[in-house]
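Read the figures in this text as sums done on the coordinates, not as results from a lab. All values reported here derive from a predicted model rather than from experimental measurement. Virtual Cβ from ideal backbone geometry, glycine too; neighbours counted across all protein chains shown.
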Amino acid sequence: IYKEKIINNGNKLISKSVKLSAKKNLKSLRDEILLSSNDANQKSDHSTSDIVKLIENCKVINGQWSVLDFYSPSEYEPVILQFKDRVDFEVSAYGGYPQATKKRIIYRPCTSAANMVLTSTPQTSTSDSDESELQQLVTVMQITGSFIFEKVSAEDFYESILLLGISPEKIGDIIMLGDTGAQVIMSSSERERERIRKIERVREREVKCEEVKVSELKVRAPLIKQITSVEASMRLDALTSAGLSLSRSQVVKLVNKGEVLVNWKKARDAAQTLQVGYTVYVTGVGRLTIDSVNMTSKGRYRVGLTKSI
């Protein structure tokens with residue numbers, strides 16, 4: 001009996017050791033994938049010239065348009081500006097909904113521009129043909145599960161998707177659905193769809209995945225508001241604080257983290273001076289445009305701002 005107890009205890013220890021080893025290996029694999037994707041993201045800050053070359057190499061077949069991968073605002077906005085005066089083709093970006101952060105760059109001949117519907121929002125009804133066109137640009141996969149007792153974030157879903165072998169540039173915004181899951185905007189290719197359908201768990205919770213229409217995205221309509229603020233200076237931290245309802249210390253932290261863009265370039269200094277026409281973008285917060293500046297009788301700046309979130 002004593003020997004049997006020792007053997008049973010030994011087997012339990014071995015089993016526990018194997019499980020711990022498996023968990024450690026899984027964590028190591030997860031860290032390795034996330035590290036490589038983070039490195040890729042840092043290196044994937046494609047220069048405007050790199051993306052321009054991709055666009056110029058696009059071949060239009062039978063009047064059709066070409067769609068590139070998902071890019072960040074600092075990547076796609078300068079490219080759109082560079083091609084805005086072209087009359088033979090148009091370059092735009094689409095991420096599933098107007099205020100999307102990550103968007104796919106779209107190249108199309110101007111003859112077919114009028115036929116494309118890129119401004120539709122989930123709150124606006126779309127025809128079957130419009131929906132079909134949107135589905136060619138992005139796919140929306142809804143991942144559902146019970147997360148009542150375990151808090152999850154967009155990063156958790158992102159991590160689980162990367163583990164399926166899907167590249168970061170194929171993934172757009174991830175919209176959280178409270179404690180029931182998330183909606184993932186991603187590339188419309190069948191390869192990526194098949195891969196994400198294989199997702200089984202997020203943070204050890206069982207999940208199921210299904211494709212839904214773009215019009216079923218659970219996002220609010222964009223909010224645009226005109227603001228007037230009187231400031232002592234035209235500093236980035238002062239105007240961003242006033243326009244986007246952040247404290248100046250929060251703005252400084254966001255600048256240091258690289259989350260603040262000025263004219264679609266990463267801000268390096270919270271004390272940077274802004275001018276009329278400048279655009280400030282804060283990841284996950286919103287966009288701010290400097291519309292007008294007038295001096296008050298006391299030598300302060302009365303600034304007209306447009307806030308978009």
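Remark on the stretch 162-309: Rg and Dmax equal 20.1, 65 Å (Cα only).
Please give me the summed charge of the neighbours of I106: other residues whose Cβ is under 13 Å from its Cβ, Lys and Arg +1, Asp and Glu -1.
Details: positive: K103, R104, R108; negative: D69, E90, E133.
Combined, the nearby Lys, Arg, Asp and Glu give 0.
A straight chain from F83 to K265 at 0.36 nm per residue would run longer than the Cα-Cα distance by 63.7 nm. Computed 3J(HN,Hα) for the stretch 188-196, one whole-Hz value per residue from the Karplus formula 6.51 cos²θ - 1.76 cosθ + 1.60 where θ = phi - 60°, is 8, 5, 5, 4, 5, 4, 5, 5, 6, glycine and proline marked x.
Largest first and in whole Å, what are the equivalent-ellipsoid semi-axes of the stretch 167-226 based on the Cα gyration tensor, each being the root of 5 times an eigenvalue? Intermediate results must be reported in sequence, preceding the final value.
Working: eigenvalues 110, 51, 23 Å².
Here the semi-axes work out to 23, 16, 11 Å.
Debye-formula intensities of the stretch 67-106, expressed as log10 I(q)/I(0) at q = 0.15, 0.20, 0.21, 0.34 Å⁻¹, are -0.31, -0.54, -0.59, -1.18 (one equal scatterer per alpha-carbon, no solvent).
What does the net charge come to around V207 if you take all other residues with beta carbon closer than 10 Å to its beta carbon, with K and R at +1 and D and E at -1? Combined, the nearby Lys, Arg, Asp and Glu give +2.
What's the extension gain from E210 to S229 if we count 0.36 nm per residue and subtract their Cα-Cα distance?
2.2 nm
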